[in-house]
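The values are calculated or read from the model by the stated rules, or taken from the named source; none is laboratory data. All values derive from a computational prediction rather than experimental measurement. Because the Cβ atoms are built from the backbone with ideal geometry, glycine has one as well, and the counts that use them run over all protein chains shown.
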Amino acid sequence: MLLLTGLFSGCASEPLLIHPAATAPQASRHHGSRHKAAYNRPYKVKGKTYYPMASAVGYRERGIASWYGYESGNRTAMGTRFKPQGYTAAHKTLPLPCKVRVTNLHNGRSIIVLVNDRGPFKKNRLIDLSHGAAKKIGINGLAKVKVEYVGS
């Protein structure tokens, strides 16, 4: 019983807003049989290597969102055709596919989107929303958002 108490208290002390990829050892970030697809393996863009998370359970982060929509018809990292008016998103390290709730912190509006692509690769950007998703929560350019994992 004492051992179980110690295990649970150790879990409870973990900060909630820390990005899991920032604290996880490199080796544990990309293990797991369901995440061996090419789009969930480490990859390199502009000389920087990104390590997709094996799991997004408990993921919550605040940052800057942007939107993209001119890539209509192009393929996402998962190989599906990008639809600008859909409710999708791109993230550098969340496992693909997964669903997240994105909340515009300026107006409180939120939407659940499917993360099916990689990006954004501009400095200080957390997530890229499809034009349809951004429009639904009132984002016209850049906006401060909260992103929370809701499921696979």
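A few comments on the model shown:
- Residue within the range 67-80 that is in a strand (DSSP E or B) and polar (S, T, N, Q) present: no
- Scanning the range 93-117 for residues that are more than 13 Å from residue 147 (Cα to Cα) and either aromatic (Phe, Trp, Tyr) or out of contact with any helix residue (DSSP H, G or I) (no Cβ under 7 Å at 6 or more places or on another chain) (or both) turns up 97, 106, 107, 116, 117.
- Criterion (closer than 28 Å to residue 142 by Cβ and modelled with pLDDT under 50) met by exactly one of 16, 2, 7: 16
- Of all residues in the range 43-63 being in contact (Cβ under 8 Å) with a residue 12 or more places away in the chain and either in a helix (DSSP H, G or I) or more than 24 Å from residue 151 (Cβ to Cβ) (or both), the one that is farthest from the chain's Cα centre (by Cα): 46
- For residue 47, the criteria (1) out of contact with any Asp or Glu (no Cβ under 8 Å at 6 or more places or on another chain); (2) within 25 Å of residue 137 (Cα to Cα); (3) of a type outside the set (Ser, Thr, Tyr) hold in every case but one, which is (2).
- A single entry from 87, 68 fulfils the requirement of being surrounded by 17 or more Cβ atoms within 10 Å (Cβ to Cβ), at pLDDT below 95 and more than 14 Å from residue 152 (Cα to Cα): 68.
- Matching residues, the range 123-134, being in contact (Cβ under 8 Å) with a residue 12 or more places away in the chain and at negative phi: 125, 126, 127, 128, 129, 130, 131, 132, 133, 134
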